[in-house]
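Presented below is the structure to which this report refers.
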């Protein structure tokens, strides 16, 4: 028997495994029911080896997969030493490898004809509801798991011999709001996992399990070689960056500072991200699961590297993420609530990591992405007189937040750093058709972009309210006190904010974490966070600044004051800009000498 | 006599069908700066072949069908009119926000797609209509007049108007149209609700914007095309291929040019359907392989699936229109695809292509990188002496040298192994493209025939078919010009649609039935208008439907009678479950079904279908023997056969290479093949 893989097989089988993950994703996307699943694409499909190593992530939501599916598969194997074909397991326990309770996952062990467990397919989908004590899946103010109230499934069998274990289904239907929608999502997720299982079985019958094992080993080695080369090309250095989450109920008044210390060792081809110097778990829903803590750090790392490096256990061998137990950005201790683990603190971890990269050298890393979750992406619930039924759903009216890199301006609609922009944004018409709401406005806000030689995204303002009956809007919005920061002289993005305009004409600012009742005629004004810029604004292409002025996204005053670009009603004034910028360059050089550029600032 | 041309990036193809039903094909180089000249050059070739003048030749033709990438090129290159977009106030960033989404969340080198109409030319109009058509905020006409005054000062050349819920109540768009007529006379405009009545405001606004922007240019182009044909004695009807796989009169296309963005490739499956049907197959996968791209489309149970998600560039990283378009998936793979091995040892083929210039290393035109064509030369699949009927002599030494340098040496393979590796990887890439569309459209690949078209289809289609478990592979006679052939087989076609919301949960379907009646009337008007004199005509209805709370709809056909009684609604519900199961392998019989939109398509066949056989082309090359390296079999002697000299209906065993003036078909030792009486080659892989 050959021990080495034919190099052609490496290409062909890599492509086939990608195809399998894509097939799973497409199925889940098209058949899911809740908005969070099929509009926001808040799901992921991946394949894990029998050894519990992540093989293929497919077109997944970043915060879902870089670590977690591996941990979940291992917990499934630990709890169920005997795995049979036809089994399927529900998993959403943040204490056993899942990201957070809302990310209900289905794990299907791929078992060969001899009964040997060969691989595990994982399909994970964010639910519209998971039985929490309040109708939201991001319960930032949950003091612990019991207050949060989510149903928790630590790798619980839900199918044997391809048939549902009805007890489990009934439990879910009794506890999860809008059970028909949940059941639809369950069927879609299970369908995706079964399609993946079937495709792997077919592939194995064609090439043999031994060949697939040779492939996985070779693919991990290839991915590691790519990662080694990428790290070897980075400058050596170490840096610590801090990104602070706004205060919420259960956190200190000054908020939650999150520190990431990174070191790059090109000689040893290794990156270390240390998250141990962070606060203990807190009595709120912001604590990270281990999966999210690891993944968020890895997102910050991969945001700084060649995007074509495969993301799997092989490439991750070159990254060590240091975590500690009972840490808000580490390994949670039951019953600490991890309700909002995929967004708030995770985003701070990723932002701190990528800003630390940027602090080490020009040309690498990334500015901070804007924080979430504004009311425009909140969970709405109420009663719809058109159908005579209750509804609860997360809407995705949009958030921008994209951060700049050295190479490019921000991608506008990133949503948050853990999402990377893969989410869809709801259409106004479809949202009004499906929910009893009216969306009055959805526009970018002038002068909120993260200025820089490469610019971050401007903020998005969304104004919406109920039509004929009251609705509740729940959200956990970070980024008001601590907007996304720029790096290497780039400035920060606009802060988030939220208000309510009551039908009686009164106006009030809303807290960062709330469930707000809106009566007919009331409007909620949601302002999402902008993203940070990279590099000094005075080095930005003056034509790009003039275009932003023409588009109404940057005021002439800001163009002059921040970018040192003079725009008149006739457009760009090149001579005046040249003169203005010449003066600045001297000043800037002095700043560089003083090391000011290395300090992220707003 | 009917004529069909398809202007591609490199060649302008012409297919001529004479009254006796025989077809002949011609290729002339495309003239990018004057595409109509390329068309006239191809027509001249056909005239010369018959010893006629161009004017005499064109004088005999009754129909001229044109496929063109002119509109798409103009959009991609931004060479269109200065266009303004009017939207509902508060929603000025519709085009900028798109529907979100991104192809790769880690690829920060990709720039965010710019909106087709820039923000400073997008204007909010005070007005608001709700989803039920009621007016929440009346149109502020004086504000509209002020905006129009501003447009005049900005020297706007075209205007798009696309308001929220204009599909539920078009009153405000229609009033703005009157104000534009008065305030900007002569400036073309497009109304969103008329062009694309979908309940997705971004797609509707984007389609309207691009349509308006194309109108001045495409009006000129259509007038120029028609005029120049008339100048050369043509007095028949000028028709244009649409993205929906049908034909429209050139004058109508000038008003809705956005409908022809994918003109050309859209009718490859029309040809594929014909040839599959001649071979007795209802379902087919049509793969058109050129030098740079591999286009895959389908025929499912005799129907060509359409999509409303055709992207204008990279999926998710560009823009889409939401107009019904023949579903075609393209990947960067073909004869010119470049093979390389990265520093960590992974072999990749494509998506970069050497194209026709500089071309593969073996072309000797300055290209030095190893390509799929070079691999085919090293394996003996292509004969350096007889490539393209001997019109281009290939340099086998250069091919081998490039393959060893780029692939063989880095992977420690010999030339034949390296060439086989390149072929295998490109085959897998093509298979993945087929699997994507097959999955999306719920086709059982194992029960379909694979139809190979395009110049490079013959190189590896046997391997593609085998990998997919496809038992029948067809190479049509007109395979080298599949779209031009498809054009001759296409019908006059129009799509109408409307938005409606109904659930099987409540039985009041009067609004749906009213919409169905309205669409049916529109279809009948088309039959009586452009379709007058058709030999046959067909009207089909589909509902865009979903399970409760799903977002993505699937198309489910229903009868022209609509939904007169509960039994009809129940039948529809059952049909939906079946369609959902066929597409996604699961169904939820407990769930109610909701309809979001209804579409109707009217297709009028304008001439009776003849035998549609190729005129036999003269041949010179004799049958011979060539040493060919087939992966898995080593180097063996293979017969080289001239396709049109093969006897009909006799099965042959591989190995063999079948030559035509446009392509070579590789039959490996495990495969068998036959030439049918229809002139098509069938291969059993």
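Residues B:214, B:96, B:468, B:473, ranked from the fewest to the most other C-beta atoms within 10 Å, line up as B:468, B:96, B:473, B:214.
Inter-part distance, the range A:307-351 to the range B:437-493, computed on C-alpha centroids, equals 47 Å.
Count, for each residue of A:411-420, the Cβ atoms from other chains sitting within 10 Å of its Cβ, then give me the mean as a whole number. Show your work: numbers first, answer last.
On the way: counts 9, 8, 8, 4, 3, 0, 1, 1, 3, 6.
Mean partner shielding for this stretch: 4.
Can you work out the PRE-style zone for residue B:633? Point 7 Å along Cα to Cβ, and I want the residues of the range B:425-467 with backbone N under 13 Å. The answer is B:462-463.
With the Cα gyration tensor of the range B:370-453 giving a ≥ b ≥ c as the square roots of its eigenvalues, does the rule (a/c under 1.5 for rounded; else a/b larger than b/c for prolate; else oblate) give rounded, prolate or oblate?
oblate
The modelled label-to-label distance between residue B:109 and residue B:220, using points 7 Å beyond Cα along the C-beta direction, is 3.7 nm. Between residue B:574 and residue B:18, the modelled labels are 5.3 nm apart [label points 7 Å from Cα along Cα→Cβ]. Listed from fewest to most Cβ neighbours within 10 Å, the set B:66, B:580, B:232 follows the order B:232, B:580, B:66. Extension gain, residue A:160-residue A:555: 0.36 nm per intervening residue step, less the Cα-Cα distance, totals 135.9 nm.
Distance from a point 7 Å along Cα→Cβ of residue A:174 to each backbone N in the range A:132-158: keep the residues under 15 Å and list them by number. Counting only backbone N, you get A:151-152. Where the centroid of each part is defined by its Cα atoms, how far is the range B:262-291 from the range A:171-187 in Å? So the two Cα centres are separated by 43 Å. Which of rounded, prolate or oblate describes chain A when judged by the alpha-carbon gyration tensor and an a/c cut-off of 1.5? Taking the square roots of the gyration eigenvalues as a ≥ b ≥ c, chain A is oblate.
Using R0 = 22 Å, the C-beta based FRET efficiency linking residue B:392 and residue B:615 works out to 0.35.
Between residue B:120 and residue A:4, what is the FRET efficiency for a Förster distance of 60 Å, r being their Cβ-Cβ separation, to the nearest 0.05? Between residue B:120 and residue A:4 the formula returns 0.50. Over the range B:23-151, Cα pairs under 8 Å with separation of 6+ residues give a relative contact order of 17 percent. Placing a label point 7 Å from the Cα of residue A:236 along the Cα-to-Cβ direction, no residue of the range A:287-320 has a backbone N closer than 13 Å. In the protein assembly as shown, the calculated helix contribution to ellipticity at 222 nm averages -9500 deg cm²/dmol per residue, counting -39,500 (n - 2.57) for every DSSP H run with n ≥ 4. Between the range A:534-563 and the range B:335-400, how far is it from one alpha carbon centroid to the other, in angstrom? Computed from Cα coordinates, the inter-centre distance equals 47 Å.
Distance between the pseudo-spin-label points of residue B:552 and residue A:506 (7 Å out from Cα toward the beta carbon): 4.6 nm. Per residue of B:374-382, other chain Cβ atoms within 10 Å of the residue Cβ number 0 on average. Legend: ranking of residues B:11, B:526 from fewest to most surrounding C-beta atoms inside 10 Å; resulting order B:11, B:526. For chain B, the relative contact order comes to 12 percent (Cα pairs under 8 Å, sequence separation of at least 6).
Of the peptides B:387-399, A:81-93, the ranking by mean beta-carbon count within 10 Å, highest at the top, reads A:81-93, B:387-399.
If you count, for every residue in B:583-589, the Cβ atoms of partner chains within 10 Å of its Cβ, what is the mean?
Numbers: counts 3, 10, 7, 10, 3, 7, 0.
Taking all residues of B:583-589 together, the mean is 6.
Could you tell me the calculated FRET efficiency between residue B:528 and residue B:625, based on Cβ-Cβ distance and R0 = 60 angstrom, to the nearest 0.05? FRET efficiency, residue B:528 to residue B:625: 0.45.
Read-outs: derived from the displayed coordinates by stated rules, not from any lab. Everything quoted here is computed from the prediction, not taken from an experiment. A quick note on method: Cβ atoms are made from the backbone with ideal geometry, for glycine too, and the neighbour counts reach across all protein chains shown.
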